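Please read the structure below before turning to the comments.
Just so you know, all these numbers are worked out from the coordinates, no wet-lab data involved. The structure displayed is predicted, hence computed values, not measured ones. Because the Cβ atoms are built from the backbone with ideal geometry, glycine has one as well, and the counts that use them run over all protein chains shown.
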Amino acid sequence: MPIRFTVPLNYCPACGAPLGRVRVDGRDRPWCEACGYVGFHTALVWAGAIVTDSRGRVLLQQLRIGRRAGNWALPGGLLEADETVEEAARREIEEETGLQVRLTGLLGVFSRPGDASVGVVYTAEVVGGKLRAEAGCRFAGPDEIPWEGPFDHWAVEAALRVWFREPKRGQA
């Protein structure tokens, strides 16, 4: 899910006038002389989790539609403006898999320059629901992870490596 700003804005999203450039906070930014709009490249927040079963295996989802079909992902999705990151993680996991989870901890926050997204990855356990067959999910131990990818986002592999690096995780 890398999100990059590769197409520069040419017209103001507020008023439609042509944009110029202005230096703000040490960076060149799109600027509208007509209305004063200044463009800031902010990040989207992705929230998801390492969901485990009773054997310590991790729930992976193989995407089935769109340009990223076939990529491996952790269940999760983008934060909505009216919810917390934790609420977004629980909502997205249930929407994508049918499972209801309890978040048990924060695994990590993953970001890097040039990628306009921040991944917040929790740990979670299943407390209800039923895994939908059409979700493309399966539980996998460390030797069953498709490390060759492709992963949906670089942070998916990073989170999995952090999870399985800890001693005694993922062992039956």
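Taking 7 Å steps out from each Cα toward its Cβ at S54 and S111 produces label points 4.0 nm apart. Taking the chain, the Cys residues with no second Cys beta-carbon under 4.7 angstrom are C137.
Among S117, S111, sorting on how many other beta-carbon atoms sit within 10 Å of each Cβ, with the fewest leading, yields S111, S117. Fewest neighbouring Cβ atoms within 10 Å first, the residues Y11, Y122 line up as Y11, Y122.
How big is the dipole moment of the stretch 94-172 about its Cα centre under a simple scheme where the beta carbon of each Lys and Arg is +1, that of each Asp and Glu is -1, and everything else is neutral? Debye, nearest 20, please. Working shown, then result.
Numbers: 9 positive and 12 negative charges, 65 e Å.
That gives the stretch 94-172 a dipole magnitude of about 320 debye.
Could you work out the helix-only [θ] at 222 nm for the chain, with each DSSP H run of four or more residues adding -39,500 (n - 2.57) and the total divided by the number of residues, to the nearest 500 deg cm²/dmol?
Details: 2 runs with 25 residues, N = 172.
That calculation yields -4500 deg cm²/dmol at 222 nm.
As a proxy for reagent exposure, ranking I50, I65, I93, I145 by other Cβ atoms within 10 Å from fewest up yields I65, I145, I50, I93. Distance between the modelled labels on N10 and W147, one decimal in nanometres: 4.7 nm (7 Å Cα→Cβ projection). The phi torsions of the stretch 148-154, fed into the Karplus equation with coefficients 6.51, -1.76 and 1.60 and a -60° offset, translate into couplings of 6, x, x, 8, 5, 7, 4 Hz, rounded to whole numbers, with Gly and Pro shown as x.
Loop sites only, by DSSP: take the trypsin sites (Lys or Arg not before Pro) in the chain that have at most 13 other C-beta atoms within 10 Å and name the longest stretch containing none of them.
Numbers: sites that count: R4, R55, R64, R67, K130, R132, K168.
Within the chain, the longest run free of exposed trypsin sites (Lys or Arg not before Pro) spans 68-129.
Computed 3J(HN,Hα) for the stretch 8-19, one whole-Hz value per residue from the Karplus formula 6.51 cos²θ - 1.76 cosθ + 1.60 where θ = phi - 60°, is x, 6, 10, 10, 5, x, 8, 10, x, 6, x, 9, glycine and proline marked x.
Please find the FRET efficiency linking E125 to D25, where r is the Cβ-Cβ separation and R0 is fixed at 41 Å, and quote it to the nearest 0.05. Can you show the working numbers first?
Working: r = 42 Å, r/R0 = 1.03.
That gives a FRET efficiency of 0.45.
Given that just one value was derived from the coordinates, which of (1) 57, 34, 25; (2) 62, 29, 28; (3) 71, 37, 22 is Cα extents along the principal axes in Å? Working out Cα extents along the principal axes in Å from the coordinates points to (2).
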